[in-house]
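Take a look at the structure below.
The numbers here are math on the coordinates, done by the rules we state, and not lab data. All of these numbers come straight from a predicted model, not from anything done at the bench. Please note: Cβ atoms are built from the backbone with ideal geometry, for glycine as well, and neighbour counts cover all protein chains shown.
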Amino acid sequence: MINYIWLFFIVASVVVAFFTGRLKEVGDAAISYAGVAVQISIALMGVMALWLGIMRIAQKSGMVKLIAKAISPVIKRIFPDIPPDGEAATDITMNVSANALGLNNAATPFGLKAMQSLQKLNPNKDKSVASDSMCTFLAINTAGIQFIPASVMAVLAAAGSDNPAEIIAPCIVTTSIVLVLAIIIVKILERLFPEPAKLEKRKAGKNA
């Protein structure tokens with residue numbers, strides 16, 4: 001899909017430039033910024049290597065596990081349908097912790113493993129419907145709260161920013177707000193559109 005979006009932008013810019021008589025400016029800008037892109041990429045490699053190294057140390061030193069232990073009570077409250085000490089809860093906790101520290105490479109395997117664990121607990125397998133816990137985890141993962149936005153800081157540093165770390169506070173605030181909103185919305189939708197297994201239980205309780 002992203003390829004089609006980029007193709008649309010390229011074609012649209014060329015078409016607009018053609019009808020406005022600015023094809024030369026578009027061509028000059030493309031050549032000029034191709035070189036800038038290479039320069040930023042090279043600078044980005046060094047900065048990313050530094051941050052990934054720091055994050056790797058945090059992972060190896062047990063910092064991720066400490067954060068995971070600290071947020072585990074919150075995870076239990078957000079996911080009441082899964083065993084609090086089960087495999088799914090552990091994977092979700094580790095995924096959220098890794099994302100918060102900017103450890104994207106470590107967070108992805110935990111995220112995939114968490115979804116697999118949640119699917120095992122999914123009471124709607126036969127209906128091919130995601131459970132409430134799966135939808136909640138997807139919302140949290142998409143919101144992606146970050147305390148150390150290493151990737152953004154690396155891009156800012158590579159682009160010549162004087163203080164790339166100034167993005168930390170705004171990033172924490174915005175991602176926290178998005179996370180809270182995502183959880184609130186998904187919990188509201190859970191009540192408005194209950195999953196089939198819970199709906200059947202409600203009907204059975206009414207008939208009993």
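Key figures
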| read-out | value |
| --- | --- |
| Charge dipole (debye, nearest 20) of the chain; +1 at Cβ of Lys and Arg, -1 at Cβ of Asp and Glu | 800 |
| Under 16 Å from the Cα of residue 125 - aspartates and glutamates, other chains or at least 8 residues apart | 81, 195, 200 |
| Residue with peak Gaussian network fluctuation, the chain [Cα springs, cutoff 10 Å], from 122, 99, 163 | 163 |
| Cross-link table 60/113; 60/120; 76/113; 65/113, entries beyond 24 Å C-alpha to C-alpha | 60/120 |
| Segment 91-176: relative contact order as a whole-number percent, Cα under 8 Å and 6+ apart | 29 |
| Span-rule helices in the chain, defined as complete DSSP H runs reaching 24 Å or more along the axis (Cα) with Kyte mean at least 0.0 | 2-20, 23-60, 168-192 |
| Of (1) 0.99; (2) 1.04; (3) 1.34, the label for Cα Rg over 2.2 N^0.38 Å derived from the coordinates | (3) |
| Selected from 82, 188, 168 as most flexible by GNM, with the chain as the system and alpha-carbon contacts under 10 Å | 188 |
| Among 169, 37, 89: highest mean-square fluctuation, GNM of the chain, C-alpha pairs under 10 Å | 37 |
